[in-house]
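Report on the following structure.
The values are calculated or read from the model by the stated rules, or taken from the named source; none is laboratory data. Quick caveat, the model's predicted, so the values are computed rather than measured. Cβ coordinates were reconstructed from backbone atoms using ideal geometry, including for glycine residues, and neighbour counts include every protein chain displayed.
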Amino acid sequence: MSGNGMKIELPASIVVRELAQKIEKSPIDLIKKLMTNGVMATINQSVDFDTAAIVVAEYGFEAIPEALEEAPVETGVVPLWRQMIAGEDAALLKARPPVVTILGHVDHGKTSLLDAIRQTEVAAGETGGITQHIGAYQVEQKGRLITFLDTPGHAAFTQMRARGAQGADIVVLVVAADDGVMPQTREAIAHAKAARVPIIVALNKIDKPTANADRVKQQLAEQELIPDEWGGGTMVIPVSAKQKQGIDDLLEAILLVADTLEIKANPAGKVIGTVIEAELDKSRGVIATLLVQNGTLQMGDVVVAGIAHGKLRALSDYKGKAVKKAGPSTPVAAMGLSDVPSAGDLFEVVASDKEARVIVAERIEAAKTQTQSKKKMSLEDWFSNVKSSEMKELNLIVKADVQGSLDPIISELDKLKQDEINLKVLYAEAGNIGENDVMLASASHAILIGFNVQADVSARRLAEKEGVEIRLYEIIYRMTEDVEKALKGMLEPDVKEKIIGRAQALRVFSASKFGKVAGCRVTEGELRRNAKVKLYRGADLVYEGDMGSLRHEKEDVKEIKQGYECGVGFKGFNDIQPGDQLVCYVLEEA
Ligand code: GDP
């Protein structure tokens, strides 16, 4: 049976068995579907809403959050940590410390703030201080613990999210009061909102004479983070990491927000959590920082983390002190795993080494099929995915050459909004498409649109791996036309540009027959005489069309490979300059 677009209401988290019942499918079938989507769950475990929504969509259902109306996105109320505890008896749940991650623009003071918070703790009576960096630490405020993940930056945060794990309960967004909302601030907001994690703003560097708190609050309000003093839902706490001012206020704010989230776990329940970081130490073997999210991890436990497993030989806390066990929200450095797991991998305690091996073998097998079957979220697929449902959502991430081109693009996209279709620009920023954009797109099932920009090599590779579609445009109406067609389901599985090679123009010379010719070196792939070319100067596209000539050492050639030099002429185009980048592509049926 296919859902044919039928809507089903789903809670923030649901046990696999119940989900199967809801859509009248066999639980085994559902577990397999989850696996192909990279989620390992047993029949009694639960999955979060986002995961459930993706899986039920594959059966033709459309998932709607149960209580979205009361759930303003900015306060983030679908706590994904619930998935960790959904199988637990509610009577056994106890409050656990909130887990906090710090995001923000470079140089706004993330590292300084993490250090200031850590030192406040030392001043409060820790002898010896915290000398170890295990990727997370805890502080005490009014007798309550708070766990901080101390690898700042959204790379770590997004990596976890893209893997379906949810490391943090709360995001502290650091914004420098003298600099205001910057590109990475907006990126961090987009990440936190997409993950539905509440944001507290730490308005840093208020000691600076150039600090302008009101201006920053105004900018935050423009990002839909309305400061609470203005009647909004976002706490904005003035701090100075440098002078260690406002730290207590920030910790208080974290506890207040934590209280609205009901962060709980069963210390006696199934042991499960997330790998924060891991490395191979020459003398001690694999050391992994594990953040316990439910249950109590003990020395001697057999753990499976991603595709690593092993019996834990030693545990130490963030101060480097040996401990025998670690309860919910506690980070511990653990020794004894066979391999180095990845940051963001979930871990769990299993009954025996034998069971651990079976799980790992299954995961390796599932990972193989996953890479084979990973479905690309493309503009063409999008419509067919949601064709018959009433409520549709298309998430877009837009990158453009300059900030000035973003506004017209967004207003054009806004015009395409239709009642029954939710067209959402998750994030729009000036600059080339980088890995971070791809990670955000992957984690939020968005399509990446570039306007007069290129995608970095690393971003293209990642997009390929993650199954993210990148669409590049030079003309606004072509972009809006495509989006409009997608919204109407009219986008033909069109011919796509497939890049087969890149070259750089090193010098320019005149060849009487061909006019100007670019002396190039092929830097990637190959150039083909009968393929098409684009010539970029920086981010500007200066030529697009056929190749007029392709020569290698005065000989006409059909193709030329990476590493070789060649001469390239362009039909009817002579304005070539050294340093220009040449992209060679063929048109293929998508
Ligand atoms: P990150 O890139 O966000 O981790 O930023 P850092 O923590 O490395 O800080 C960037 C710079 O800002 C450093 O030179 C810090 O000394 C400075 N800084 C950080 N916090 C403050 C603050 O509260 N006041 C002042 N005046 N400078 C600060």
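Looking at the stretch 223-236, can you tell me whether even one residue there is within 16 Å of the ligand (Cβ to nearest atom), surrounded by fewer than 16 Cβ atoms within 10 Å (Cβ to Cβ) and farther than 16 Å from GLY109 by Cβ? Working first, answer last.
Kept after step one, since they are within 16 Å of the ligand (Cβ to nearest atom), are these residues of the stretch 223-236: 236.
Among the residues that remain, those that are also surrounded by fewer than 16 Cβ atoms within 10 Å (Cβ to Cβ) are: none.
Scanning the stretch 223-236, I find no residue that is within 16 Å of the ligand (Cβ to nearest atom), surrounded by fewer than 16 Cβ atoms within 10 Å (Cβ to Cβ) and farther than 16 Å from GLY109 by Cβ, so the answer is no.
Scanning the stretch 176-214 for residues that are near the ligand (Cβ under 10 Å from one of its atoms) and either on the phi > 0 side of the Ramachandran plot or among the β-branched types (Val, Ile, Thr) (or both) yields LYS205, ILE206, THR210. Within the stretch 515-537, the set of residues being without any contact (Cβ under 8 Å) to a residue 40 or more places away in the chain and over 37 Å from the mean Cα position of the chain (by Cα) comprises ARG529, ASN530. Only one entry of VAL495, VAL522 meets the criterion of being at pLDDT below 75 and of a type in the set (Val, Ile, Thr), and that entry is VAL495. In summary, ILE276 fulfils each of the numbered conditions (1) in a strand (DSSP E or B); (2) at pLDDT 90 or above with the single exception of condition (2). Screening the stretch 100-154 for residues that are under 21 Å from the mean Cα position of the chain (by Cα) and at pLDDT below 60 and picking the one that is surrounded by the most Cβ atoms within 10 Å (Cβ to Cβ) gives PRO152.
Which ranges mark the strands (runs of 3 or more DSSP E) fully within the stretch 542-589 that have 3 or more residues being loosely packed, with under 13 Cβ neighbours inside 10 Å? Result: 581-589. Of all residues in the stretch 199-214, those satisfying the criterion of being surrounded by fewer than 18 Cβ atoms within 10 Å (Cβ to Cβ) and not in a helix (DSSP H, G or I) are ASP207, LYS208, PRO209, THR210, ASN212. Within the bounds of the stretch 435-451, is there any residue that is modelled with pLDDT of 85 or more and at positive phi? Within the stretch 435-451, not a single residue is modelled with pLDDT of 85 or more and at positive phi. In the stretch 240-248, the count of residues that are in contact with a Gly (Cβ under 9 Å, 6 or more places away or on another chain), of a type in the set (D, E, K, R), within 24 Å of ASP115 (Cβ to Cβ) and surrounded by fewer than 21 Cβ atoms within 10 Å (Cβ to Cβ) is one or more.
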